[in-house]
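Chemist: Please find one structure pasted underneath; my questions will follow.
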Amino acid sequence: MTTAIPPVQETSAQSVIDLEHEYLLQNYARYPLVLARGKGCYLYDLAGKRYLDFITGIGVNALGHNHPRITKIIREQAGLLLHTSNLYYHQYQGALAARLAKMSGLQRCFFANTGTEAMEGALKMIHSHGRAIQPEKYEVIALDNSFHGRTFGALSITGQAKYRQDFEPLVPGARFVPVNDIAALEAAFSERTAGIVLEMIQGEGGINPLTPEFVAKSRELADRYNALLVADETQCGVGRPGTYFAYQRTSHITMPDIMVTAKPLACGIPLGVIMANEKAAAAIKPGMHGSTFGGGPLACRVALEFCDMLDDLLPAIQRIGGYLHVELNELARKHSFIKEVRGFGLMIGVDLHMPGKQLVLDAMAEGLLINCTHDTVLRMLPAYIITEKEVDQAIRILGKIFAKVK
C-alpha cells in the first residue's frame, strides 16, 4: 500500500502552511504570508493582495520580480543547456569571469552556488596561504556582529553567539574584534594571522558600515603580517551601495586580496563567486577545491545580462537611495524611538530603541515587506528599479505604523 503524495498546488494559505509544518524541518521562523507571484517591485499573495517588496529575498531580487530581460534569458537558456559540470567548458563562464574581473579589479574567479560556499573557498585560500608560510599561521580575524554563512567554516568567523553556540566547537583560530576599533584590531594581529574577513557594511549584524580608516588599517596590517584581506560582499555588494562593491565606495579604494559575493548577481538563480588577486589565487592548486553546480550556463548567462544592466542602474541606486535616506531621517526626527538611520545606497537599517518584530508585522499588514535584523534594526533592501513613487508609498506606510507606537 502506497501513501498518497500531497498535491503541490494547495487551495488556501493555511493549507500551504500546514503542509510545511508537517513535512519540513522547522528551522525557519517564517512570517504568515504565502506568496504566489511577483511583478516589478511588488509581490502578490494567494488572495491577490499586493505588497511593496523592500526586502527582495534578502537582497537577491535586485531587478524586482519577473523582469522581462531576465525572464527572456531564462526561457532561452532552459531550452539550450542547463548544466554541464566543470568537466567541460561552456560559453558564459569565462565571459562572466572577465566581466567580474573588470568590475572588481581582481584577476581570478571561482564560481560556487551561495555566499557561504564562496566564503568556504576563501577560508581555504587563507589557510593554504598561511600553511605555506608556517604551520601555525592559521588564525583569522573577524568582527563582532559579523555574519558570513551557516557552514562550519563560515560560522567559525561569524561574530554572533546566537548562530554559533549550538554547534561549538567550530573551526579553531578565529579572533573577533569590535567594529571600527583600530586599537583592538592592531592587538589582534600577529605572525599567526593568515587572514582578516570584513563586511564593508554589516548586514545581519545591523547595517553597520566600516569606517575608511578601519578598512585602511586592516589593509596595512594584512600587508605587514603577510595575511590575506577578504571583503565579504555577499549582501553589501554588486551594486547595492551605489558602486559595484562596497570597498569601492570611497575615493581612496582599499583593495582586498579576495572578494566573495552572491545574492543579487544572478537575480534569483543561485550563484556565488570568489574573486582573488594572483597572490591569493596561487594558494589553491589543481584538485584543492571544486563545485558540481558552480558556474553553470543558466546562472552565468543570467548574471551576464544583469551585469549588462548594472552600469545604467548605479546612478539611480545612488539617487533613489539618497532620497530614501532623507525621507527616513525625516521620520526619525518625528519619532523618538528611532535611534539612527544607517547604510548606503539601497542597503538601509533603521535602528530602534525597541524590538522591531511587531513593526515588521504591522508593515506587512499594510502591504510593505521589510524585516528586522539584530532584534532592533529594520532592514530595507529594495530592488534597484524602485522610483520615488515606491519610496513615497513605503514612507506613507511606515509613517502610519510608526504613529501607532506607544
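Chemist: Looking at region 72-309, what % of its DSSP beta bridges pair antiparallel, to the nearest 5? Could you put the intermediate results ahead of the total?
Modeler: Numbers: 11 of 26 bridges.
Roughly 40 percent of the beta bridges in region 72-309 run antiparallel, per DSSP.
Chemist: Shifting gears a bit: Using Cα pairs under 8 angstrom and six or more residues apart, how large is the relative contact order of the chain, in percent?
Modeler: Relative CO of the chain lands at 21 percent.
Chemist: Right, next: Quick one: how many lysine pairs in region 72-309 have C-alpha atoms under 29 angstrom apart, if they're 8 or more apart or on different chains?
Modeler: Step by step, the pairs that qualify in region 72-309 add up to 23.
Chemist: So what is the calculated 222 nm ellipticity per residue for the chain, using -39500 (n - 2.57) for each DSSP H run with n of 4 or more, over all residues, to the nearest 500 deg cm²/dmol?
Modeler: Values: 13 runs with 152 residues, N = 406.
One gets -11500 deg cm²/dmol as the mean residue ellipticity at 222 nm.
Chemist: So, one more: Quick check on region 102-248: take the gyration tensor over C-alpha atoms, sort the square-rooted eigenvalues as a ≥ b ≥ c, and tell me if it's rounded (a/c under 1.5), prolate or oblate.
Modeler: Details: a/c = 1.20, a/b = 1.13, b/c = 1.06.
Rounded is the answer for region 102-248, as its axis ratio a/c remains below 1.5.
Chemist: For region 1-102, which GluC sites (Glu not before Pro) pass both filters: DSSP loop (anything but H, G, I, E, B) and at most 16 other C-beta atoms within 10 Å?
Modeler: Passing sites in region 1-102 are Glu10.
Chemist: Using the alpha-carbon centroid of each, what span in Å lies between region 336-377 and region 62-104?
Modeler: Rounded to whole Å, the Cα centres lie 34 Å apart.
Chemist: Another question about this same structure. Over what distance in Å are the Cα centres of region 138-173 and region 175-205 separated?
Modeler: 13
Chemist: Further, regarding this structure: So for region 72-309, averaging the separation of alpha carbon pairs under 8 Å that are six or more residues apart and normalising by length, what relative contact order in percent results?
Modeler: 30
Chemist: Let me ask you something else. Going by average Cβ neighbours within 10 Å, how do the peptides 121-133, 93-105 rank, with the highest at the top?
Modeler: Packing proxy ranking, top to bottom: 121-133, 93-105.
Chemist: Using 7 Å Cα-to-Cβ label points, what is the Asn66/Arg164 separation (nm, one decimal)?
Modeler: Rounded to a tenth, the inter-label distance reads 4.4 nm.
Chemist: Going by average Cβ neighbours within 10 Å, how do the peptides 279-285, 293-299 rank, with the highest at the top?
Modeler: 293-299, 279-285
Chemist: Along the Cα→Cβ direction, 7 angstrom out, place labels at Gln91 and Phe152. What is the inter-label distance in nm?
Modeler: According to this spin-label approximation, the distance is 4.3 nm.
Chemist: State log₁₀ I(q)/I(0) for region 229-382 at q = 0.11, 0.12 Å⁻¹ as given by the Debye formula over alpha-carbon point scatterers of equal weight, solvent excluded.
Modeler: Values, matching the q order: -0.56, -0.65.
Chemist: Another question about this same structure. Relative to 2.2 N^0.38 Å, what does the C-alpha radius of gyration of region 229-280 come to as a ratio? Two decimals please.
Modeler: Working it through for region 229-280, the quotient is 1.12.
Chemist: Going by amide H atoms built from the backbone, whose H comes under 5 Å of the H on Phe344, apart from near neighbours?
Modeler: none
Chemist: Could you tell me which of rounded, prolate or oblate describes region 325-406, using a ≥ b ≥ c as the square roots of the eigenvalues of the alpha-carbon gyration tensor, with rounded for a/c under 1.5 and, failing that, prolate when a/b is larger than b/c and oblate otherwise?
Modeler: Since a/c stays below 1.5, the shape of region 325-406 is classed as rounded.
Chemist: Could you tell me the calculated FRET efficiency between Asn226 and Lys285, based on Cβ-Cβ distance and R0 = 22 angstrom, to the nearest 0.05?
Modeler: After rounding, the FRET efficiency stands at 0.70.
Chemist: Let me ask you something else. Could you work out how much longer the chain between Ile17 and Lys357 gets when fully extended? Use 0.36 nm per residue separation minus the Cα distance between them, nm to one decimal. Don't skip to the answer; put the middle values down first.
Modeler: Values: separation 340, 0.36 × 340 = 122.40 nm, distance 2.01 nm.
Length difference between fully extended and current span is 120.4 nm.
Chemist: Where does each of 252-265, 392-405, 204-217 land if you order them by average Cβ count within 10 Å, highest first?
Modeler: Descending packing order for the listed peptides: 252-265, 204-217, 392-405.
Chemist: Let me ask something else. Let a ≥ b ≥ c be the square roots of the eigenvalues of the Cα gyration tensor of region 14-173; is it rounded (a/c under 1.5), or, if not, prolate (a/b larger than b/c) or oblate?
Modeler: oblate
Chemist: Which of Ser156, Ile258, Ile386 sits farthest toward the positive end of the charge dipole of the chain, with +1 on the Cβ of Lys and Arg and -1 on the Cβ of Asp and Glu?
Modeler: Ile386
Chemist: I've got another one for you. What dipole magnitude, in Debye to the nearest 20, does the chain give about its Cα centre under +1 on Lys/Arg Cβ and -1 on Asp/Glu Cβ?
Modeler: So the dipole magnitude of the chain works out to roughly 460 debye.
No lab work stands behind these numbers, since they all come straight from the coordinates. These numbers were taken from a predicted model, which means no experiment stands behind them. Quick reminder, even Gly has a Cβ in these numbers, built from the backbone with ideal geometry, and neighbours come from all protein chains shown.
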